[in-house]
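The values are calculated or read from the model by the stated rules, or taken from the named source; none is laboratory data. Everything numeric in this text was worked out from a predicted model, so none of it was measured. Cβ coordinates were reconstructed from backbone atoms using ideal geometry, including for glycine residues, and neighbour counts include every protein chain displayed. For the accessible areas, the whole protein counts, side chains as well, though only heavy atoms, and no ligand, DNA or RNA atoms are used. Shrake-Rupley method; radii C 1.70, N 1.55, O 1.52, S 1.80 Å.
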Amino acid sequence: MIYASLIGTNEYLQQGNNLKGCINDVNNMEKFFKKSGIIVLDILKDKQSTKVAILKTIENLILTLNFGLA
């Protein structure tokens, strides 16, 4: 099995650093992965993409792989 975690951030705290299209990319990748049989464990977008949340997402991915769910 293949697992994925998706993170996309368009809006940053500092003005002038914002991006366009990252959320659309995450949405498109999620659709593609699901059609391809890839299991999406976590999706973080914009304000959800904090350091703590990203580290938790990585931990979740590692735990999934270590406990034989992969």
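Worth a mention:
- Among the trypsin sites (Lys or Arg not before Pro) in the range 12-42, those placed in a DSSP loop whose Cβ has at most 10 other Cβ atoms within 10 Å are 20.
- Average projection area in nm² (convex hull over Cα atoms of the range 29-68, one quarter of hull surface): 3.2 nm²
- Surrounding net charge for residue 41, when Lys and Arg each add one and Asp and Glu each subtract one, Cβ distance under 14 Å: -1
- Once the Cα atoms are used to define both axes, helix 51-66 deviates from the longest principal axis of the chain by about 10 degrees.
- Across the chain, C-alpha contacts under 8 Å between residues 6 or more apart give a mean separation that, scaled by the residue count, equals a relative contact order of 42 percent.
- Note that the chain shows a convex hull volume over its alpha carbon atoms of 65 Å³ per residue.
- Sparse-neighbourhood loop sites, chymotrypsin sites (Phe, Trp or Tyr not before Pro) in the range 13-70 - DSSP loop, at most 16 other Cβ within 10 angstrom: 67
- Taking amide hydrogens as placed 1.01 Å from N in the peptide plane, the amide H of residue 10 sits under 5 Å from those of 23, 46, each at least 5 positions away in sequence or on another chain.
- Note that the range 15-21 has calculated 3J(HN,Hα) couplings of 5, x, 9, 5, 10, 10, x Hz, one per residue in order, obtained from phi through the Karplus relation 6.51 cos²θ - 1.76 cosθ + 1.60 (θ = phi - 60°); glycine and proline are x.
- Solvent exposure, largest accessible area first (probe 1.4 Å, DNA, RNA and ligands not counted), of 62, 39: 62, 39
- Counting only protein heavy atoms and a probe of 1.4 Å, the accessible surface of the range 1-63 is 58% carbon and sulfur.
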